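The structure appears right after this line, and notes come after that.
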Amino acid sequence: MSIHKKNTKLFEGSLVSQALKQSFVKLKPAVMLKNPVMFTVYIGTIIMLGVCIWIAAGETSQGSLAYNLIIFGVLFITVLFANFAEAIAEARGKAQANSLRKTREDTPAKKIFPVGEMYVNEMKIVPSSELRKGDHFLCEAGDMIPMDGEIIKGIATIDESAITGESAPVIRESGGDKSSVTGGTKVLSDKIEVRVTTEPGESFLDKMIALVEGASRQKTPNEIALTILLASFTIIFLIVCVTLKPFADYANTPITIGAFVSLYVCLIPTTIGGLLSAIGIAGMDRALRANVITKSGKAVETAGDIDVLLLDKTGTITIGNRKATNFYPADGVDEKHFIKCTVLSSMADETPEGKSIIELAGINPLSYEIQNPRFIKFTAETRNSGIDYEQIKIRKGASDAIRNLAEKAGNIFPAETAERVKLISSNGGTPLVVAENDKILGVIELQDIIKPGISERFERLRKMGIKTVMVTGDNPLTAKFIAEKAGVDDFIAEAKPEDKMNYIKKEQSEGRLVAMMGDGTNDAPALAQADVGVAMNSGTAAAKEAGNMVDLDNDPTKLIEIVEIGKQLLMTRGTLTTFSIANDVAKYFAIVPALFITSIPALQALNIMQLHSPESAILSAVIFNAIIIPMLIPLALKGVAYKPIGAVALLRRNLIIYGLGGIIVPFIGIKLLDLVVALFI
Amino acid sequence: MNTELIGVMVTFVITVLLAFPLGKYIAKMFAGEKTITDFMYPVERLIYRISGIDPNKGMNWKEFLKSMLAINMLWLFYAFFLLLNQAHLPLNPDGNPNMTPDLSFNTAISFLVNCNLQHYSGESGVTYLTQLFVITFLQFVSAATGIACAVALFNGLKHKTTDNLGNFWEIFTKSITRILLPLCIIMAVIMAFNGTPASFDGKDSIVTLQGDTVKVSRGPAAGMIAIKHLGTNGGGWFGANSAHPLENPNYFTNMVELVAQVLIPMAMLFAFGFYIKRKKFAYVIFGIMTVGMLFLVIPTIYWEMQGSTAIAKMGIMQATGAMEGKEVRFGPAASGYWSIITTIISTGSVNSMHDSSMPLSGMMQMLGMLINAFYGGCGVGILNYFIYIIIAVFIGGLMVGRTPEFLGHKVEAREVKIAALVTLLSAFLIKGGTALAAYYFVNHGNADWAVQPANWLNNPGNHGFSEMFYEFTSSNANNGSGFEGLGDNNIFWNVTTGFVLLLGRFIPIIGPIAIIGLLAKKKFIPESAGTLKVDSLTFGILTFTIIIILTALSYFPPLVLGPIAEYFGMK
């Protein structure tokens, strides 16, 4: 599906035209007022319009009409560019969310009308838009699920590829932690009855769209603090410009209103001011592109501050199930014979462990031509399984179960086998002992398979300063071993839901921020307690309600991506602020000599860029100031790349790129613009 | 190598060598550990008992500020009324008159805020009583107020989470009994032995070689000259301040006075490191401040030793450098060094006339005051630097992808708001004041005032602009030195600079104390690899860059119209 093209083009034609229109709509003063920095530019634009009219009416002290009109035009475009940045970010976010929402609109729903206990409930097909919270509907094989809901009866395989992009069907059933279904997914087999859990227009997606559209978007704490700082810079530069008037009078230098407004607009941090809200929206949008629905912009920002990450072992750190990794025949037993017996004993074993044994042996069990096989199923009582054929009886099972069998038959349990069993256990594995006719043949080692590449990811997290904690039901010994092997920093063994909760509370009381992922109802309190709680989309409604993000892919490693998205968001703001302020140095050197050169010719020495004339200098500076905004939109939308190289190294890197770069780039840019502008003046 | 330069270097090295152990001592003393000055304890106990103070009662930031502001207000009224009526009070052997209301307003504020904006001359403007019980008294208590507020900052950072910034009265008292008083006694003795007067007699008269009889002012000056430097106040006994031969008799006393004024500000930095147990952080701050000082000092000494281009154009040799306004016994290097030290430290005492410095040296002196945080005044230097740190922490924190935090405390909207306000205020006071003065000078030059605005300036043009800008810069920085070509003893300057002095003193103290109070109350966040380390060199450089950029951006236009235009004009 199209929504999974994660790198859709930055400026799609339809989005751009939509954003262009919005840039004008956003000129409404009430909307502009939300951004104090750009609002002052807006006022400057209006003042310049007044100046142009004044000149047209005959005023001569303010320079030529054309010159003032150009300044007016450039300022107007500056405002539009800032609006465009916000609009394009909104448009992209909305497009992304809409494509998710489209899948669930106007699907026919088999609504159930309960008519009492004695009669069969009536079922009628209605459009999905008529479903309300609490309604029940039915879905059979081949049906599209019309609305988000919770299964209350039945079990079904469901194709969720429309949402997750994962083609393998998943099983959802009532009662458990996997009872949630999402609108737009398709039932492949069986029949389920579902209760609608959200009102139309109130699903997480709807909420997210509202966030992106700005209707319910609130400034995040860091955004507020930054806005304050930017506003104070703006006031400082306002003071610079206002006091310049008496200073200039003292120096007998007339300065035009156009020059004052230009100086002011160039000095205030328009670059970051214009891009600030776009950066915030783009953060949510990037989360959505990673198939994560966020319930607030704050959650994304908080993700960047996470100190501790709680991860479930199964599925996150290890590949779902244990696998056979080694065969250890007992002394005096032929290895080939031992492997043959293990393969035969696993022939009818449908468990993933059993299959992995055959996989490891690499032998097709049917190649052994055996007569009259009789398969012994695993029971909780015997704790072994196996095969009987001819006169041979092969058993495979937990070491003490097989030991009992052997010792009852008067055979010894070889010392080296006992040793091996112990060794495997202490290495985090599970030993399976195999016996032929109650005589011990050897041990199969089953191990948790750690996901390839996961330890590198943990290393990356460690460099970010994030502590990883593995949560598992395993015993402490096994847990410790896997934790060490995977490279996590800590683990919670034999974990119960309240253990998670307590761990989170402990970390929080020490001042750390904790993120976790969960799906079950019993995860809900912990999800709510965590600073960032990511609920899996397959999880229960309670879990989804408790968390502040929902992961559509049900991918437990997603937390790592979310943290990086959060960090990128803050970094983009910080670096663009630095860039914006650093730009002022060059702008001063362009404008201030231009203002005073006529009355104090000695100041020509400050015109280090050798700009053509005072007018061209001022125009080049305001034009540079305007075009830098659209040039940085791609960076604002994509975010500054995060590199886990430690905070100090990262700071150094960003200071050089955006601080030093921010000082140098405008010198070059303004000079080049001046060369062009000079051609026309 | 040039002996003049060696003299400057030796002076600086001695300062560091003395400041380090003093810092260690200050940290120990405020931490309540055993020190050699414990014999002062009975005196302190007596003071506490008389004043009804419980020195062990902790204060939160609001209580701390309330105590500090209340006592300062009391001193202000006390000083104002004494100056207003000094003629009728005892210890006035020369029969000096009362101060005018606007002058006593300005003078009382000036010394209350640890500044020495002296719109009067010591010989004739004040009596021995007001010199001692107003001027010298305020020199002690204002310095101690600064130290106490810095220690409140230390206390906020010493503990993980606390709302106790210490007891103002206790810290204040100890600052005097354990730091200022002992050091002053030592220094006053040195000064007295080198020829500074220490007597209550009135004017003496001598017969010069030419046979004229000259009246020479004197008085109990040695003690005041000690505290004026140790307390970074700078207010001189005589009008010519430390350029006066009795106030600064020889090169040795010049070195002593130079060391003395930097001693406590520098020692406070080291004390900060020892006290909160983050020595590296203190060393990085010390390093950055020293680099900042060198950026100002080196060019200044170079320009001063080079001499004036205008004089060179006339074909006159200037082998001894730019000597206009300088004392022969100090020379251009020591005078250039002093002029920067006195402006970065907020002392404001002078041993040469800044008005006569080379144009760009004058700009360096202004920059020293505009930044006001390279070492900075007694205690308040750290508070000023702290504001820059908060801004650096905020921008730097965002740049590494985390909500900004300072030593384990999150820096959020409220703290940023306060830091932004403090920064904004300086820009407003300095440029607003200068703009107002420029406006009156241009548009109401002939206003019917005692001193007409048109007559304010000895040298109109770019230098005149510098004089006005310098005056407000100096007032806002609580520095006190001046480009003395400005006619400043009149209602306009006395009143405007009076208000600038008050706001420029107390807002930059209230701001940081409020921030630290808010921060210290927050939950402590342990450091991780993702945390921006404020004791790293990179962060130090970021702070330095922010200081430079912020100052340059805020004051570029007035600096261009004043010293820079003057410089290019002279070329």
query = Taking each residue of B:551-562 in turn, how many C-beta atoms of other protein chains fall within 10 Å of its C-beta, and what is the average?
reply = 6
note = Averaged over the residues of B:530-543, the number of partner chain Cβ atoms within 10 Å of each residue's own Cβ comes to 4
Gained length - A:ASN437 relative to A:LEU660, 0.36 nm times residue gap less alpha-carbon distance = 72.4 nm
query = Using the count of nearby Cβ atoms within 10 Å as a rough guide to exposure, how do A:LYS671, B:LYS313 rank from fewest to most?
reply = B:LYS313, A:LYS671
inquiry  = Positive end of the dipole of region A:518-650, charges at C-beta (+1 Lys, Arg; -1 Asp, Glu), about the Cα centre: which of A:ILE560, A:PRO644, A:LEU606 has its Cα farthest in that direction?
reply    = A:LEU606
task = Round to the nearest 10 and give me the degree value, 0 to 90, for the angle of helix A:614-638's Cα axis relative to the longest principal axis of chain A.
result = 10
key: Electrostatic dipole magnitude of region A:378-537 [Cβ: Lys, Arg +1; Asp, Glu -1; Cα centre; debye, to 20]   = 280
Modelled FRET efficiency - R0 45 Å, B:SER205 with B:PHE252, Cβ distances, 0.05 increments = 0.95
message = Among B:108-120, A:357-369, how do they line up by average Cβ neighbours within 10 Å per residue, starting with the highest?
response = B:108-120, A:357-369
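Express in nm, to one decimal, how much length is gained between A:ALA605 and A:ARG374 on full extension, taking 0.36 nm for each residue of separation and deducting their alpha carbon distance. It would help to have the intermediate numbers written out before the result.
Values: separation 231, 0.36 × 231 = 83.16 nm, distance 10.08 nm.
Gain in length upon complete extension: 73.1 nm.
Restricting to Cα pairs below 8 Å that are 6+ residues apart, what does the relative contact order work out to for chain B? Please round to a whole percent.
Averaging sequence separation for qualifying contacts and normalising by length gives 19 percent for chain B.
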task = Please work out whether the protein assembly as shown counts as rounded, prolate or oblate from its C-alpha gyration tensor, where a ≥ b ≥ c are the square roots of the eigenvalues and a/c under 1.5 means rounded, while otherwise a/b larger than b/c means prolate and anything else oblate?
result = prolate
request  = Pop a pseudo-label 7 angstrom from the Cα along the beta-carbon direction at both A:LEU20 and A:HIS337 and give the gap in nm to one decimal.
outcome  = 8.4
query = HN-Hα J couplings of region A:418-428 from phi, Karplus 6.51/-1.76/1.60, θ = phi - 60°, integer Hz, Gly and Pro as x?
reply = 4, 4, 5, 4, 4, 4, 4, 4, 6, 8, x
remark   = So the angle from the long Cα axis of helix A:257-267 to the longest Cα principal axis of chain A, reported in degrees to the nearest 10, equals 20
key: Dipole-positive endmost among B:LEU157, B:VAL495, B:THR434 within chain B (Cβ charges, Cα centre)   = B:LEU157
ask   = Could you give the nm distance between label points at A:LYS451 and A:LEU477, where each point is 7 Å from its Cα heading toward the beta carbon?
value = 2.8
query = Each label point is 7 Å from the Cα along the Cα-to-Cβ direction; what then is the distance between the points at B:THR320 and A:PHE680, in nm?
reply = 6.1
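Given an 8 Å cut-off on Cα distances and at least 6 residues of separation, report the relative contact order of region A:522-681 as a percent.
Relative contact order of region A:522-681: 25 percent.
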request  = Please go through the residue pairs A:LYS295/B:LYS410; B:LYS34/B:LYS279; A:LYS94/A:LYS638; B:LYS280/B:LYS523; B:LYS160/B:LYS522 and name each one whose alpha carbons sit more than 18 Å apart in this structure.
outcome  = A:LYS295/B:LYS410; B:LYS34/B:LYS279; B:LYS280/B:LYS523
task = Over chain A, calculate the relative contact order: mean separation of alpha carbon pairs under 8 Å at least 6 apart, over the residue count, as a percent.
result = 14
query = Hey, with R₀ at 60 Å, roughly what FRET efficiency would B:TRP449 and B:ASP38 work out to, going by the Cβ-Cβ distance, to 0.05?
reply = 0.60
query = Is the shape of chain A best called rounded, prolate or oblate, per the rule: a/c under 1.5 gives rounded, else a/b larger than b/c gives prolate, else oblate, with a ≥ b ≥ c the square roots of the Cα gyration tensor eigenvalues?
reply = prolate
Antiparallel content of DSSP bridges confined to the protein assembly as shown, in %, to 5 = 80
key: Estimated 222 nm signal from helices in the protein assembly as shown, with DSSP H stretches of n ≥ 4 weighted -39500 (n - 2.57), rounded to 500   = -18000 deg cm²/dmol
key: Leading residue at positive end of dipole, chain A (Cβ point charges), from A:MET123, A:MET536, A:ALA493   = A:MET536
Proximal aspartates and glutamates to A:LYS505, defined as alpha-carbon separation beneath 17 angstrom and excluding residues fewer than eight positions away on the same chain = A:ASP305, A:ASP307, A:ASP490, A:ASP523, A:ASP531
remark   = Under the rule rounded for a/c under 1.5, else prolate if a/b exceeds b/c, else oblate, using alpha carbon gyration tensor axes a ≥ b ≥ c, region A:484-529 is classed as oblate
Nearest-0.05 FRET efficiency for A:ALA210 and A:ASN502, computed from C-beta distance (R0 41 Å) = 0.70
query = Order of B:LYS203, B:LYS533 from fewest to most other C-beta atoms within 10 Å?
reply = B:LYS203, B:LYS533
task = Using only Cα atoms, tell me the angle between helix A:13-25 and the longest principal axis of chain A; keep it within 0 to 90° and round to the nearest 10.
result = 50
key: Burial ordering of B:LEU89, A:LEU405, fewest other beta-carbon atoms within 10 Å first   = B:LEU89, A:LEU405
inquiry  = For the pairs A:LYS451/A:LYS480; A:LYS422/A:LYS500; A:LYS355/A:LYS422; B:LYS313/B:LYS571; A:LYS463/A:LYS643, flag any whose C-alpha to C-alpha distance is greater than 20 Å.
reply    = A:LYS422/A:LYS500; A:LYS355/A:LYS422
task = Enumerate the aspartates and glutamates that B:LYS326 could reach by cross-link, defined here as Cα to Cα under 16 Å, with residues fewer than 8 away along the same chain left out.
result = B:GLU4, B:GLU247, B:GLU304, B:ASP355, B:GLU484
inquiry  = If you restrict to DSSP beta bridges whose two residues both lie in chain A, what percentage is antiparallel, to the nearest 5?
reply    = 75
ask   = Measuring from a point 7 Å past the Cα of B:THR161 along Cα-to-C-beta, which residues in region B:508-536 have an amide N at less than 18 Å?
value = B:516-528
inquiry  = Rounded to the nearest 20 debye, what is the charge dipole size of the protein assembly as shown about its Cα centre when +1 sits on each Lys and Arg Cβ and -1 on each Asp and Glu Cβ?
reply    = 260
note = For B:LYS215, the lysines lying under 18 Å Cα to Cα, once residues fewer than eight places off in the same chain are dropped, come out as B:LYS203
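Taken together, the values in this text are just the output of simple stated rules run on the coordinates, not laboratory data. Treat the numbers as computed from the prediction; the structure is a model and nothing was measured. Counting neighbours? That spans all protein chains shown, and the Cβs are built from the backbone with ideal geometry, glycine included.
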